[in-house]
Amino acid sequence: MLKVENVHKSFGGILALNGVTFSVEPNSITGLIGPNGSGKSTLFNIISGFYNKDRGEIYFKGKKIEGIEPYRIAMLGVGRTFQISEVPEKMTVLENLLLAPKSQIGEGIFNVFLHPLKIKRENEKLLKDAYEILELVQLYHLRNEYAGNLSGGQKKLLSLGRILMSDPILLLLDEPTAGVNPTLIRDLIIAMKNLRAEKGQTILLVEHNMKVISEICDRVIVLDFGKKIAEGTPEEIQKNEKVLEAYLSGSSKWELLHEDS
Amino acid sequence: MGLVNFLVYLSIMMGIYAILSLSLNLQYGFTGLANFGHVVFFCLGAYISTIIVLVFKMPFILGLLGGMFVAGLFGYIISIPTANLKEDYWAIATLAAAEIVRIFFLNEDWVVGGGPYQGGAFGIGGIPQPLRSLFSAHTYPFFYLAIVLVCLVATYIIINTLTQSPFGRVIKSIREGDNLPQALGKDVKRFRMKVMAIGGSFGGLAGCLWAHYHGFISPNQFLPLETFIIWAMVIVGGKANNKGAILGAVIVMIFYNSTRFLKDYIPIEAVTLASLRMVAIGILIVVAMLFMKEGLIKEKKTLY
């Protein structure tokens, strides 16, 4: 599904990514972990086209994606969320969701005047989908609230709901559960599992919450200082000395990570 | 009778400026494009329509459509090289583009064909008024007011329909940054170009109406100052609200013309009073920014 090969990226003197290689299998949930500054978000930005890489290749569904604008990558079916939620303040929660679906008829200027009925029908269908997703992320009661008035956690939920509306093949989720309360995290875990099972979506997520990682990920990739230091199932990663060292400078154990989250 | 004439004149000006403020509102209020050169569309609409009608002897309606087309095209074109500029640099670039066009018309007098039409710094006079022969000097302004109002209503309906459509949703998301719409597969650059083209062509419409009303145009009527008067309308009326844009145009036009009457009450020279109008508008902007940041009519929440 997604293949990242030997990707390098530096910002001035900082080598953010130093030859990262991994692949994501179709219909899998892959976790991307690593200490702060290890290059996770940079990698996301490169895959989704927001940054240009210095070297290396990225393949999506066997096709090389190179030097194309972020919106084209999104059109190919790569949906992403941002670590710091990108939420248009002056648009309601519902509008945020309705914005997401790709290539809507009503986005064309002439269509607005030529096909008002088609647009109305399209909108009604999208509204139905939006209500379902709002129930899922538990924001239904806030549907007519300005997105700018939501809390940090709610914005995260909105971002997740919005990307689901756009129906991507591959979801890149940047810390989807940061700032979300534990009971809702439980629901989100179930939701992500369902997505994979029902819609066959593939998920790559950056996450600091190890509980989430152990519960939903098939594979985990660990980055440290821009390099992949380990890859494997959550169980394997838990026992990996290198990972423990990177995370806790070797001073403690995986359980501590659990507590931490 | 003097008062009625003045009120008709004022209403025509309000109508023309309301079209300008609606079109700037689409660009700035809804899409967040800080267009500091909006007067360029006004100028292009006026000149192109004048050339079509006066020099090529075509009917008014073709002048109007031609002016709109060229102004819209210009908006589309200037958004190509500026597509990657950040807001403040974009503002400077549009300001410069407007000045380039004005100075072009100031220096290149051949564009109006020379001969009887002087062009250049002398301006162009004798611009025909549509269906002038059917009305008396007395009733014609009322007819022209009707033309302006029809154009204003059409502009309002078109821009309002667009801003409430899925297209409007996308441009509102662009207003707060490119990242999100890009991540959702929206071709942000193209949307921006479209907005510049639509806003530009309605700016052109206003210019055309202005030229054929006054019958005379010259480059110094299209100074950057005009842009800021239109900005004042959007800020005072309420950005991202189409009714607000019209209300803003009405209020600013009243302020702009108020000093005309002050000379009867205040012992100040007329020349000084004329300069005071800009002070009045400046104060209006400051008051709006301090006490009603969102303008007189706030942005309407879209509910489903």
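The figures follow:
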quantity	calculated
Amide H contacts of residue A:32 (H built 1.01 Å from N, under 5 Å, at least 5 apart or other chain)	A:205, A:206, A:207, A:221
Helical contribution to [θ] at 222 nm, DSSP H n ≥ 4, -39,500 (n - 2.57), averaged over chain B, rounded to 500	-22000 deg cm²/dmol
Sparsely packed chymotrypsin sites (Phe, Trp or Tyr not before Pro) within segment B:236-303, loop by DSSP, other Cβ within 10 Å at most 12	B:265
Whole-percent pair-distance distribution, where bins are 20 Å wide, for the alpha carbons of the protein assembly as shown	19, 43, 26, 11, 1
Segment A:59-93: trypsin sites (Lys or Arg not before Pro) in DSSP coil with no more than 14 other Cβ atoms inside 10 Å	A:61
Under Karplus coefficients 6.51, -1.76 and 1.60, residue-wise ³J(HN,Hα) of segment A:193-201 in Hz, glycine/proline x	5, 4, 4, 5, 5, 8, 9, x, 7
Listed pairs A:9/A:199; A:118/B:186; B:263/B:298; A:53/B:293; A:3/A:118; B:57/B:172 exceeding 30 Å between Cα atoms	A:9/A:199; B:263/B:298; A:53/B:293; A:3/A:118; B:57/B:172
Shape box of chain B [Cα atoms, principal axes, largest first, Å]	58, 47, 34
Solvent-accessible area buried by pairing A with B, both sides, nearest 100 square angstrom, 1.4 angstrom probe	3200
Per-bin percent of Cα-Cα distances, segment B:51-208 [5 Å]	2, 8, 12, 16, 17, 15, 12, 8, 6, 3, 1, 0
Net charge contributed by nearby residues that have their C-beta within less than 15 Å of residue B:288 (K/R +1, D/E -1)	+1
Solvent-accessible area lost in complex, 10 Å² minimum, residues of segment A:77-97 relative to chain alone, 1.4 Å	A:80, A:82, A:86, A:88, A:89, A:90, A:91, A:92, A:94, A:95
Separation between Cα centres of segment A:30-67 and segment B:7-70, rounded to whole Å	47
Cα point-scatterer Debye curve for segment A:1-133, base-10 log of I(q)/I(0) at q = 0.10, 0.11 Å⁻¹	-0.46, -0.55
Rounded FRET efficiency, nearest 0.05, which uses the C-beta distance separating residue B:107 from residue B:160 and R0 of 41 Å	0.55
Shielded by partner chains, segment A:20-50 residues - at least 10 Å² of accessible area, 1.4 Å probe, vs chain alone	A:50
Heavy-atom accessible area per residue - segment A:154-211, 1.4 Å, Å²	34
Alpha-carbon centroid distance for the pair segment A:175-254 / segment B:218-256, whole angstrom	55
Simple spin-label estimate for residue B:274 and residue B:137 in nanometres, 7 Å along Cα-Cβ	2.3
Solvent exposure, largest accessible area first (probe 1.4 Å, DNA, RNA and ligands not counted), of A:8, B:138	B:138, A:8
Size descriptor, Kirkwood hydrodynamic radius, that averages inverse alpha-carbon separations across chain A, Å	19.3
Solvent-accessible area of residue A:110 with every protein chain in place, 1.4 Å probe, in Å² to the nearest 10	150
Simple Cβ-charge dipole of segment A:21-152, Lys/Arg +1 and Asp/Glu -1, about Cα centre, in debye nearest 20	340
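The values are calculated or read from the model by the stated rules, or taken from the named source; none is laboratory data. Note that the structure is a prediction, hence the values are computed from the model and not measured. Please note: Cβ atoms are built from the backbone with ideal geometry, for glycine as well, and neighbour counts cover all protein chains shown. The accessibility values were calculated without ligands, DNA or RNA, using every heavy atom of the protein model including side chains. Shrake-Rupley method; radii C 1.70, N 1.55, O 1.52, S 1.80 Å.
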